[in-house]
């Protein structure tokens, strides 16, 4: 059974649970190089270029109207998660781009607390009774108006000790859901908070 929090298309995958887009890049070896070790540096650059191009295309498709230059800057800082060195000098690697970087490129810089303040507490939103699929830029509507910020998705409530919860985490139940996000009772998440939205449905079938 496919993971409902992962959408794949070709070399690209959107992992809504981890909050990243990953892309695989392949760098063929130069057959004219005198040895595989000599070919490997150029092959790695070709692999990185391929992965970065796939990440940029996926991010721009996921966030129409986003600042393209901001996405390109974020892609340039993408983390290499895995690398495979072929015996012939070829290189295959996987690069990862945070979804939050894509959201910020679309919505503008995120709000955070003042320097020296403790981290805003995480809020877990139980939306399993709502018809909701993972999407970028989900908002939380509560007292004080809609909130937008870092959101990750899950299909089960986090267990005690989950490092994402930190200190002071609270759980709220979604009372409604729309294409934009969810509505909860009580106060909205604090600026800079992490929101974990727990769903019980299938994710969108394809990555951009």
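Couple of notes before you dig in:
- A simple spin-label model places the labels of residue 68 and residue 200 4.4 nm from each other, with each point 7 Å out along Cα-to-Cβ.
- For the chain, averaging the sequence separation of C-alpha pairs within contact (under 8 Å, six or more residues apart) and dividing by the residue count gives a relative contact order of 25 percent.
- In degrees, nearest ten, helix 36-62 long axis to first principal axis of the chain (Cα): 30
- Calculated [θ] (222 nm, deg cm²/dmol) that DSSP helices of n ≥ 4 give over the chain, each run adding -39,500 (n - 2.57): -7000 deg cm²/dmol
- Rg and Dmax of the chain, both derived from C-alpha coordinates alone, stand at 19.5, 67 Å.
- Taking the square roots of five times each eigenvalue of the Cα gyration tensor of segment 74-184, the equivalent ellipsoid has semi-axes of 32, 18, 16 Å, listed largest first.
- Separation of the residue 179 and residue 133 label points, Cα + 7 Å toward Cβ, nm: 1.2
- Here the calculated FRET efficiency for residue 171 and residue 3, from their Cβ-Cβ distance with R0 = 22 Å, stands at 0.40, rounded to the nearest 0.05.
- Gap separating the Cα centres of segment 59-92 and segment 9-50, nearest whole Å: 9
- Max-minus-min Cα coordinates of segment 6-107 on each principal axis give 49, 26, 18 Å, with the largest extent listed first.
- Counting only Cα atoms, segment 123-198 measures 31, 25, 21 Å along its principal axes, largest extent leading.
- You can think of it this way: the chain between residue 157 and residue 35 has 38.7 nm of extra reach, that is 0.36 nm per residue less the Cα-Cα gap.
Computed from the coordinates by the stated procedures, all read-outs in this text should not be read as laboratory data. Values in this document were obtained by computation on a predicted structure and should not be read as measured data. Here Cβ is always computed from backbone atoms with ideal geometry, including for glycine, and neighbour counts include all displayed protein chains.
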